[in-house]
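Nothing in this text is a laboratory measurement; each read-out follows from the coordinates by a stated rule. None of the values given here were measured: they were computed from a predicted structure. Every residue, glycine as well, gets a Cβ built from its backbone with ideal geometry; the counts of neighbours run over all protein chains shown.
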Amino acid sequence: MTDFRTDNGPDLFVYLVPETAASDSVDGFADVGTLKGNVGDQQYDIPDDVEVSEGWRVVVWCRGLSVSSAETTLS
């Protein structure tokens, strides 16, 4: 993620979510790790068993509250 910025919060994780998942849903997500920080460039490893193509969303997900903190389309 480049020039990334979001509100800080507890229990934040970065998920890859397929485009087929409903809006505000993380159904079928792949967990790429805990959020490294709420400001700045960040890199995450994509699991080998995930075939990423256009249409996936990157979602910063608060596990404790089950809500999205930030979201964008993977490009």
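Here are the numbers for this structure:
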{"item": "Karplus 3J(HN,Hα) series, Hz, for region 13-26 with 6.51 cos²θ - 1.76 cosθ + 1.60 (x for Gly, Pro)", "result": "10, 9, 10, 9, 10, x, 4, 6, 6, 4, 4, 6, 10, 10"}
{"item": "Length added when fully stretched, residue 53-residue 39, from 0.36 nm per residue minus Cα-Cα", "result": "2.5 nm"}
{"item": "Low-density loop cleavage sites - trypsin sites (Lys or Arg not before Pro) in region 12-75, where at most 16 other Cβ are within 10 Å (DSSP)", "result": "36, 63"}
{"item": "Charge dipole (debye, nearest 20) of the chain; +1 at Cβ of Lys and Arg, -1 at Cβ of Asp and Glu", "result": "300 debye"}
{"item": "Ratio of the Cα radius of gyration of the chain to 2.2 N^0.38 Å, where N counts its residues", "result": "1.01"}
{"item": "Loop sites in the chain: GluC sites (Glu not before Pro), DSSP, at most 12 other Cβ within 10 Å", "result": "19, 51, 54"}
{"item": "Nitroxide proxy distance, nm - points 7 Å out along Cα→Cβ at residue 66 and residue 31", "result": "1.6 nm"}
{"item": "Karplus-derived HN-Hα couplings along region 31-40 (A = 6.51, B = -1.76, C = 1.60, θ = phi - 60°), whole Hz, x at Gly and Pro", "result": "7, 9, x, 6, 5, 7, x, 9, 9, x"}
